[in-house]
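Colleague: Below you'll find the structure I mean.
Read-outs throughout are calculated quantities, based only on the coordinates presented, and are distinct from any laboratory measurement. Since this is a predicted model, take the numbers as computed values, not measurements. In this analysis, Cβ positions are derived from the backbone assuming ideal geometry, glycine residues included, and neighbour counts consider all displayed protein chains.
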Amino acid sequence: MNCLQAEEQFSAHFEDTLDYETLQGLEEHLAACETCQQEYARFQESVKVVQQLPQIEPSPYFMPTLLQRIAEEQGGIDGVKGSTTTGWKQLLNLFRRPVWAFSGILALILAVTGTYLYQDGFLFDRDTDSTVVTSESQKVQVATSPVVTQRAGGNGSQRLPGGVIPRSVRPMQQHYVLKQVSYTNASTRGGL
Amino acid sequence: MLDLDDELMERYQKGDESAFTLLVRRHQQPLINFIARFINDRDNAEDLAQETFIRMFKAAHRYEPGRAHFKTWMYHIAKNLCKNEIRNRERRDKYRVDNVVNSGSDGNNQTEEIDLIANTPANSGFQPEVELERKELRNAIQKAIAELPEQYRLPLVLRDLQGLSYDEISEVLELRSGTTKSRINRARLMLKDKLKPFI
């Protein structure tokens, strides 16, 4: 056993928990090494003085203050136990859910609503009345897509309830209307 | 077979509120001593001890007598509160020198002085120089403990000042038994070197 190994056994030797073999090795080393003898003596002394440090007493206010706090906590706990969670309190409890839960629910609602509206054409394809100025500079009220649809396809039965036209029928017609509007509204600035 | 702490907890869980008060009375001094020695601040020690008991009170209904140990549970909560306190203190960088446990003007020293005077017979060979030396040694010990790294200070305080067994310390610190033993030995060796001028 060397000095480092001996040092590792100081506590166990001090507390008398070493097995026979280790004890014998340590004792032999201590008998032969004066430095370790001195170090171990100081080790024992320092552990003893630490263990003899006086206990710190609580102040006289500690217990009364703590009992008061416990009584307050007790009141709080009893209050919670005694309360009924019905009616508006249940509704209020809903808002105690975490923010992420609310965000998730909101995102789901938005996604479902968005998908529904998109499929029904409310978001991008809803037809609106617009004023088209014809080449003859006459203002004509035109219900653009439905009218053109009738002109192009001639089949009014493809309309959905509410005057909405299935998306599969309209792209070309809508494009046509847009071109017409842009053409008739385009300013030539005297270039043509 | 339940020990007294577990029995008291069981009685408290069955509605005997005085049982918890008795538990507090039994453990208040060791707990305050542990916290004060660990964080080196007597005033905050009482606050943290109160907080520990309040947390135990709140969680008392979940305690299972016989399965857990009241003492290790208490030290575990206190240890976490102490670590938070030390972290906050470091963050604020406001060391409360005035309240250092063994500084010359704190309440603890006053208590110790009072104890010393009270325990000294009137006609005995009371030697002020010897008492002064003892006081200096106590201050040096507390300072040396406070200077130990947290991972060594904690097991040392639990072992040499609180008298917990190695198994209990391992339970409080959630360490393996071998690690606990090695840390305590290392802490004692560090302390021996720090106290060299006094021993």
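Colleague: For peptide B:48-59, how many partner chain Cβ atoms fall within 10 Å of a residue's Cβ, on average?
Modeller: Average per residue, whole number: 3.
Colleague: Sum up the charges of everything whose Cβ sits under 13 Å from the Cβ of B:Ser165, counting Lys and Arg as +1 and Asp and Glu as -1, but leave B:Ser165 out.
Modeller: That sum, taken over residues with Cβ under 13 Å, equals -2.
Colleague: Here is a further query. Any idea how far apart B:Gln151 and B:Val130 come out in nm if each label point goes 7 Å out from Cα toward Cβ?
Modeller: Here the modelled spin labels are 4.3 nm apart.
Colleague: On to the next question. Measuring from the lowest to the highest alpha carbon on each principal axis, how far does segment B:1-104 reach, largest first, in angstroms?
Modeller: Computed over the Cα atoms, the extents are 45, 26, 21 Å.
Colleague: Also, quick follow-up: What is the mean number of Cβ atoms from other protein chains located within 10 Å of the Cβ atom of each residue in peptide B:32-41, rounded to a whole number?
Modeller: Details: counts 6, 6, 2, 1, 3, 4, 0, 0, 0, 0.
So the per-residue partner count for this stretch is 2.
Colleague: Another one. Just counting partner chain Cβ atoms within 10 Å, what average do the residues of peptide B:184-192 show around their Cβ? Numbers along the way, then the final one.
Modeller: On the way: counts 3, 9, 3, 2, 8, 8, 1, 5, 12.
Per-residue shielding by partner chains comes out at 6.
Colleague: What is the distance in Å between the Cα centres of segment B:1-20 and segment B:33-93?
Modeller: Cα centroid to Cα centroid, the span is 20 Å.
Colleague: Can you work out the PRE-style zone for A:Leu4? Point 7 Å along Cα to Cβ, and I want the residues of segment B:164-199 with backbone N under 18 Å.
Modeller: B:182-183, B:185-187, B:189-190
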